[in-house]
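The next block holds one structure in the form of structure tokens; read it before the comments.
The values are calculated or read from the model by the stated rules, or taken from the named source; none is laboratory data. These numbers were taken from a predicted model, which means no experiment stands behind them. Counting neighbours? That spans all protein chains shown, and the Cβs are built from the backbone with ideal geometry, glycine included. All accessible areas refer to the heavy atoms of the entire protein, side chains included, with ligands and DNA or RNA removed. Shrake-Rupley method; radii C 1.70, N 1.55, O 1.52, S 1.80 Å.
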Amino acid sequence: MRDFIRITELKLKIKDRFSVADLLKVLKEWLTENHYVDLNGRTDYETLYTHALKAGGSFLDSWFWWRCVRYPEGTTKKTAYLRYRINIDMHFLGDAAETEAVSKGKKVKLNKGEINIMITPIVELDFRNEWKDKGLAGLFDEIFKKRMYKKDIDKHVEFLMLESYRLQNMLKQFFRLESTSDIETVSQPPEGLM
């Protein structure tokens with residue numbers, strides 16, 4: 001059985017005109033640049049997309065669930081004991097019809113509505129289930145996590161928390177919101193981690 005360390009939930013709620021397609025494009029670029037992959041090792045992060053037209057087809061209700069993982073520097077899926085996971089849930093409520101606007105001399109299509117974005121960073125320990133419930137190895141796993149590897153796990157949790165704030169700040173920049181974070185951003189895990 002995997003152990004999950006759920007760090008926090010970061011939320012954004014925006015009510016404005018913006019391009020959902022551009023939002024998804026920018027989000028995918030950020031994840032790819034920061035070495036995140038989907039649960040199958042590709043860059044198809046979307047695990048759920050639903051939409052419903054309401055009020056005679058003029059109102060759109062859409063859900064997007066993206067699941068992204070990254071392995072610590074110097075490890076792979078086969079060698080890592082833990083991995084970073086970011087769940088991104090987006091809920092868009094708004095007009096089904098796109099509106100046009102002019103930006104930098106070009107016509108762009110925008111969606112008018114409200115989007116709620118929830119970012120949930122999780123550190124997954126023993127994500128391949130190689131230790132837990134394996135007799136003596138399972139007993140050693142508890143000692144390993146709580147005593148020998150605790151400081152390293154705490155560094156990984158801190159790294160993923162900072163990474164999540166970087167993602168939230170990138171989204172705030174996309175929506176032209178003020179960033180509340182003055183945290184130094186690091187794109188690689190601290191030296192000495194796996």
Original post:
Roughly how many Å² of VAL69 are accessible to a 1.4 Å probe, to the nearest 10?
Top reply: 0
Subject >> With all protein chains modelled, accessible area of LEU60 [1.4 Å, Å²] >> reply: 30
**OP:** Between ASP154 and GLU33, with labels modelled 7 Å along Cα→Cβ, what's the label distance in nm to one decimal, could you check?
**Re:** 3.2
**OP:** For GLU142 and GLN173, calculate 0.36 nm times their separation in residues minus their Cα-Cα distance, and state this gained length in nm to one decimal.
**Re:** 7.0 nm
**OP:** Rounded, prolate or oblate: pick one for the stretch 37-146, where a ≥ b ≥ c are the square roots of the eigenvalues of its C-alpha gyration tensor, a/c under 1.5 means rounded, and failing that, prolate if a/b is larger than b/c, else oblate.
**Re:** prolate
**OP:** Quote the relative contact order of the chain in percent (integer), defining contacts as alpha-carbon pairs under 8 Å separated by 6+ residues.
**Re:** 26
Original post:
Taking only protein heavy atoms and a 1.4 Å probe, what accessible area per residue, in Å², does the stretch 1-150 have with all protein chains in place?
Top reply: 58
**OP:** Round to the nearest 0.05 the FRET efficiency obtained for LYS77 and ALA52 when R0 = 35 Å and r is the Cβ-Cβ distance.
**Re:** 0.45
Subject >> the chain, accessible surface, carbon-and-sulfur percent (1.4 angstrom probe) >> reply: 52
Original post:
Net charge near TRP66, counting Lys/Arg +1 and Asp/Glu -1 over other residues with Cβ under 10 Å of its Cβ?
Top reply: -2
